[in-house]
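No value in this document is a laboratory result; all are computed from the given coordinates. Here the structure is a predicted model, which is why all the values come from computation and not from measurement. Here the Cβ is made from the backbone with ideal geometry for all residues, glycine too, and neighbour counts use every protein chain on show.
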Amino acid sequence: MNGTTIDGHNVSEDDRGFALSVSDVLPGDMLSDRLSRITELSDICKHLRFVCVRNDSMSLDLFKDAASATAETGLGLILESGDPLALYGVVSSLPDRRPLLCITDVEKTQETAVLSSVTGCPMAVGGRGTEDLMENVEAAEGCGAAGIVLCPGYTSMKGCLETNTDLHRLASEHSFPQSMHPVMSRTWSGEYALAVASVSVMTHGSLIVLDDLDPDGCEVLDSLMNHY
Amino acid sequence: MRIPKTSRRPFEPLEELYLGRGDYVAGGARSLPFLDLDGARRRRPLVFGIVTDDLESCPAIAAEMFSGRQADPEEWAVMWKELGADGIALDLHGDPDLVRRVSDRTRLPIVVMGDAPGSLPSSEESVMIVTGDGASGTGHAVTATGSTAEEVSAECGRLESSGEERMVILVRGFGIGPGLSEDVSLVRDIRARALAGDRNLRHPVMADVSGCWSRGFADARLASMQEAESALAAMMAGADMVIVRGPGAADMARVYGEELADL
């Protein structure tokens, strides 16, 4: 299975990582505090290698500001938005960075793939179910995406188990071309999110993006990634 | 787009073990754990909570979670039942009659740990699991251990030759930390070989994930989270039963098991 380089960090099944998120609606001081806390945690948890910036505001300026502040942490950057133009606006403002582009609107996969091709940034490809996901990957590859991470759209640990296993078997047993990419799991916050993240690690997931996780949860997830 | 099929046919079910008064059943898997893709049986792993009659042997941060009832092992076991545990793992150091008293009070399946007890209730009343070197089942289930699937298979074969009919494969010290990947590989290997036809390995697997409490965590929350994730890892690898020390982990393990088994 192939690895993907996200903002200078390799991600693969043998080189796992996780991200905590910041929202671009956070006021300046709160954003700085949160980024400081994440940076401190990353000193303890070696797999906490990324920060995901969410474009909750749907404002390009706020998205740029939050991404710019996050870029200064030195952690890998993941950008999440429903608007490819917002992603482009931020990437253009950070010419030395190659963040992972996550489009929350699956219908805009091809536009994002073109953006990925132009900017050299990898992208996360989503889909509702394995077949839909594989078709979206094929479309993204056709548009010249610079790098791909699979982002199946499950909402539970059961869904994570079934889908990740399906994708792993497609890659390892059938060498199915569109499945030969690292798998990313997008999850929320709290103990259930930790459980989904854990199931993802146990089923060949390479990258976990969480909205939030407290220091204890980060320690447990990091330890699991170290030893599983 | 044509996507290859990745599902697998279910295998012949592995051995089931009826515990307690026959109202609890472990094992019987016919696929890799929980996979609907492979026609998994919808059965949740059983969760056993530890009770001991030697409170000194139990880390204080774990014992303190039982609201003082840990001072009386029978009360402690009843509290586990109130918390929804499927069974009691009785770490016995003293009077063997405690086994009967806990069984009568809770009517839950019991794993008898520690030294082999002098006497157990008749297996016709309640089938238990007895751990410990040299333990004799006398109608109860005994445990086989080993560091590789080959060793476990040989041990199960030896026990069967000596007349034991009910067996459980016990993996001790399963937990997040150094050695996790080896323990996961062991449990996975046992399940895979059993499904592939190694009859010696057809017995249910039980993983003791309570060891994380002895790692010196300063507070119970982190230990509980480590234990819960360890239980999840054990169940995902193929454990049919898990032994836990903390009520938080027991609750999470039960909920995770139910969701994964799609109950």
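Details
- Any hit, the range A:104-120, residues being within 15 Å of the chain's Cα centre (by Cα), among the charged types (D, E, K, R) and more than 17 Å from A:Ile208 (Cα to Cα): yes
- Members of the range B:64-99 found to be of a type in the set (A, V, I, L, M, F, W, C), part of a helix (DSSP H, G or I) and crowded, with 19+ Cβ neighbours inside 10 Å, listed by number: B:Phe66, B:Trp76, B:Ala77, B:Met79, B:Trp80, B:Leu98, B:Val99
- Note on the range A:150-185: residues that are surrounded by 23 or more Cβ atoms within 10 Å (Cβ to Cβ) and more than 12 Å from chain B (Cβ to nearest Cβ) amount to 8.
- Matching option when the condition is within 11 Å of chain B (Cβ to nearest Cβ), of a type in the set (Asp, Glu) and on the phi < 0 side of the Ramachandran plot, among A:Glu138, A:Glu111, A:Glu107: A:Glu138
- Any hit, the range B:177-199, residues being over 28 Å from A:His204 (Cβ atoms), among the polar types (S, T, N, Q) and in a helix (DSSP H, G or I): no
Okay, residues lined up against (1) within 14 Å of another protein chain (Cβ to nearest Cβ); (2) among the hydrophobic types (A, V, I, L, M, F, W, C):
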position: B:Ala149; (1), (2): no, yes
position: B:Ile169; (1), (2): no, yes
position: B:Arg188; (1), (2): yes, no
position: B:Cys212; (1), (2): yes, yes
position: B:Arg215; (1), (2): yes, no
position: B:Gln226; (1), (2): yes, no
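- Selection of the range A:202-228 for residues being more than 9 Å from chain B (Cβ to nearest Cβ) and within 27 Å of B:Thr6 (Cα to Cα) yields A:His204, A:Gly205, A:Ser206, A:Leu207, A:Ile208, A:Val209, A:Met225.
- So A:Met123, is it within 14 Å of chain B (Cβ to nearest Cβ), in contact with a helix residue (DSSP H, G or I) (Cβ under 8 Å, 6 or more places away or on another chain) and not basic (Lys, Arg): no
- The listed residues are B:Glu160, B:Glu165, and the only one of them that is part of a helix (DSSP H, G or I) and among the charged types (D, E, K, R) turns out to be B:Glu160.
- Options B:Glu151, B:Glu229; residue that is of a type in the set (Asp, Glu) and either assigned to a loop (DSSP other than H, G, I, E, B) or crowded, with 24+ Cβ neighbours inside 10 Å (or both): B:Glu229
- The range B:50-61 residues that are on the phi < 0 side of the Ramachandran plot, paired with ones that are among the basic types (Lys, Arg) (beta carbon under 7 Å, 6 or more apart): B:Ile50/B:Arg245
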